[in-house]
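Quick notes on the structure that follows.
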Amino acid sequence: MVRLNELPRTKLANLPTPLQELTNLTEVLEGPRIFIKRDDLTGLAFGGNKTRKLEFLIADAINKKADYLVTGAGFQSNWCTQAVAAANIAGMKTILVKNGPEEDYEPDFYDGNHLLHFLMGAEIKVVRPENQQEAEVAAIEELKLAGSKPYHLTAAGSTPLGVAGYVEAVPELLRQSSELGIDIDYLVHASGSGGTQAGLIIGGKAFKSNIKILGVSPGIPTKHPAIDMVFSIIEQSLDYLQTDAKIIRDDIIIYDQYAGDNYGAITGAKAEAIRLVAETEGIILDPVYTASAMACLIDLCRQKYFKPENVVVFLHTGGAAALFPYKEPVGNYLKGEEFSWNIPPWSPVLK
Ligand SMILES: *Cc1c(COP(=O)(O)O)cnc(C)c1O
């Protein structure tokens, strides 16, 4: 069995998050029965899947008497927002090393997650992605020299300890589905740094569920590197969690054709997914992750991939704060015009 109960944990999330049926969306897409697991409602800052990982990671930082968190990710990172919020609750300071199109990149004005990072008091350094690792290590060395105790949060929490958050989410989901009297056939979710998918797959095996986990990439990494990455996180986590669940590469399913050509690119299919879910259910998706996953779910419904009697859960992993920096292209879409841009100006892959 999994040694989840032995791991230190700090309460950051309102659990269980709701499991709700999306009857209007089901009707528009003409089946299967679609439900949504609202991990956008974890309650930390604007919510999201990183809260579950941070419950375990922050507890470890507290045990190690850390006074600073150092982490890094993309310029509009949801992970960074959740990490800073968690650090503030735990009374720690944060240094964010974010990647952008050039060193010390400054947008015209603060928006979305970048605004939230400042608002919550994070110290922010922007570098090119190829210098990110080095800049995080330098920040840690500098803090140590100044007498601080930094804690390095790596890989957007997709480490064995962070993975425990989504292993734990599986029995939560199974309890809710049995209360609702449903048997879940598929779970569709956005898969980025891989920890969420790794946790769901391990949890599925460890708690003997037959739910098929369908991961959807936000563009980068593409399918095969993403499968390698998730498999490697699973191998490390199985060891760490002392579970003997048998997992093979074929258990990892990733779709990479729904996100556009680059990480963070906006496409017609994503904009349609955002609008459809907002119009039918009043639920807000983000343009990077959950829009890719919903574009996949919509396409699989239209292709009749699911049987009408199937029960499909969409895991809402949060990120809606990232919608606002996309106000130009999403606004263009709603007005029936061409997108003003596909690749965001803060993207390091900008060409
Ligand atoms: C980080 C993130 C994901 C991906 O989760 P990973 O554990 O990194 O794979 C999905 N959706 C949103 C909104 C995220 O911020």
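The values are calculated or read from the model by the stated rules, or taken from the named source; none is laboratory data. Quick caveat: nothing in here was measured; it's all calculated off a predicted structure. Cβ atoms come from the backbone with ideal geometry, glycine included; neighbour counts cover every protein chain shown.
The test for being at negative phi, buried (at least 18 other Cβ atoms within 10 Å of the Cβ) and within 16 Å of the ligand (Cβ to nearest atom) holds for PHE75.
Taken together, the criteria place ILE298 among residues that are hydrophobic (A, V, I, L, M, F, W, C), in contact with a helix residue (DSSP H, G or I) (Cβ under 7 Å, 6 or more places away or on another chain) and touching a residue at least 24 places away in the same chain (Cβ under 8 Å).
Looking only at residues of segment 216-254 that are part of a loop (DSSP other than H, G, I, E, B) and small (Gly, Ala, Ser), we find that the one that is nearest to the chain's Cα centre (by Cα) is SER217.
Looking only at residues in segment 282-300 that are small (Gly, Ala, Ser) and more than 13 Å from the ligand (Cβ to nearest atom), the one that is surrounded by the most Cβ atoms within 10 Å (Cβ to Cβ) is ALA295. Among residues of segment 238-250 that are among the basic types (Lys, Arg), those with a Cβ under 6 angstrom from a residue that is part of a helix (DSSP H, G or I), sequence gap 6+ or separate chain, pair up as ARG249/PHE231. Among the candidates TYR289, TYR258, the residue that is touching a Cys at 6+ places or on another chain (Cβ under 9 Å), hydroxyl-bearing (Ser, Thr, Tyr) and under 30 Å from GLY43 (Cα atoms) is uniquely TYR258. For segment 198-210, residues that are part of a helix (DSSP H, G or I) and within 14 Å of VAL313 (Cβ to Cβ) total 3. Within segment 160-181, is even one residue within 11 Å of the ligand (Cβ to nearest atom), out of contact with any Pro (no Cβ under 8 Å at 6 or more places or on another chain) and under 26 Å from CYS301 (Cα atoms)? Yes, that holds for at least one residue.
The numbered conditions (1) charged (D, E, K, R); (2) at pLDDT 95 or above; (3) over 16 Å from PRO150 (Cα atoms) are all true for GLU6 except (2). Taking the criterion of being over 30 Å from ILE211 (Cα atoms), crowded, with 16+ Cβ neighbours inside 10 Å and of a type in the set (Ser, Thr, Tyr), the residues of segment 315-351 that qualify are TYR326, TYR333, SER347.
The set of residues in segment 183-227 being within 22 Å of LYS304 (Cβ to Cβ) and among the small types (Gly, Ala, Ser) consists of GLY215 alone.
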